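Visitor: Dropping a structure here in structure tokens format, bear with me for questions.
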């Protein structure tokens, strides 16, 4: 009897629990539907039927899942340095003309001013001379030296920097030359009082032994391999001038004498010109250029020429003497061809204008 009562109680309790669950489920369904309409996220929809599941919440979940791969892919894509904020692109590589170069050249040097002028001043005047010393007068001359041209050859070293189609740089060179010119002149004088008739023979030689420059160069690339440039700057050279004078009295009233002046000095001046340079092979170029140079006028000073002793035939006469000075200008033209090798230390593809 007691077992039957317990069983009945249990059955009644189960039925009551099922009834309460059914009532709770009926009360929860409208709340869930209202939550879906308000676009709230459903955390747990267990126990709901398909018709009772919130469609808006499910759609919102699906959209979030679809957006996640795209966001992940965007975060995983690397940003290049060129696209980064504040990116400053590196400077372009230097052009093929940039860098140190060395080479050799050869050509001709042509003297421009070939006149060698000699002046003379009376130093010891015999009282019988009227009105001037005929020996000093005979020593004055202007000699046009023949030749004055020669070979020139040497080497150069320089540095260029290319800016687009423009090239600037500096170059130093040194040469030996065979430039040489010489000439002679004969001058005559006459003294009516004493009857003296002096004759003076003047010979002169001038030469340029060596020559060098230190110049700036500014050029424009007509094509990537052809450079047209202008140049100018400091010039120097070893100059030589030798003048000898021999004075003879053709009337034998006075004795004869000879003398001369000699000058050897390193002179400085300027040079300017232009040329073309062609890069015919990576790292190698050939050039043709012209220079005008001017080392100024040289004058060695005065040298005395004279004979203090009178003629044996006319012992009563006195002696004679004069001071002679010669001068000439060292300037001219140089035309050269040359070849250069361009070094590429630390520079990418230097001397390769075809890249």
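Only the coordinates and a few stated rules stand behind these numbers; no lab work does. Please read all numbers here as calculations on a predicted model, not as lab measurements. Reconstructed Cβ throughout: ideal geometry from the backbone, glycine too, with neighbour counts over all protein chains shown.
Visitor: Considering only the range 147-165, state which residues are over 11 Å from residue 177 (Cβ atoms) and assigned to a strand (DSSP E or B).
Guide: Keep residues of the range 147-165 that are over 11 Å from residue 177 (Cβ atoms), which gives 147-148, 155-165.
Correct list: 147, 148, 155, 156, 157, 158, 159, 160, 161, 162, 163.
Visitor: Another question about this same structure. Inside the range 218-245, can you point out the residues that are over 28 Å from residue 296 (Cα atoms) and either surrounded by fewer than 18 Cβ atoms within 10 Å (Cβ to Cβ) or in contact with a helix residue (DSSP H, G or I) (Cβ under 6 Å, 6 or more places away or on another chain) (or both)?
Guide: 220, 222, 223, 224, 225, 226, 228
Visitor: Of all the residues that make up the range 171-204, how many are within 25 Å of residue 307 (Cα to Cα) and in contact with a strand residue (DSSP E or B) (Cβ under 7 Å, 6 or more places away or on another chain)?
Guide: 15
Visitor: Here's a follow-up. So in the range 252-268, with the set limited to residues that are touching a strand residue (DSSP E or B) at 6+ places or on another chain (Cβ under 8 Å) and buried (at least 16 other Cβ atoms within 10 Å of the Cβ), which one is farthest from residue 335 (Cα to Cα)?
Guide: To start, the set of residues in the range 252-268 that are touching a strand residue (DSSP E or B) at 6+ places or on another chain (Cβ under 8 Å) comprises 254-268.
If we keep only those that are buried (at least 16 other Cβ atoms within 10 Å of the Cβ) as well, we get 254-255, 257, 259-261, 263, 267.
Working: 254: 51, 255: 50, 257: 43, 259: 38, 260: 34, 261: 32, 263: 27, 267: 21 Å.
In this case the residue turns out to be 254.
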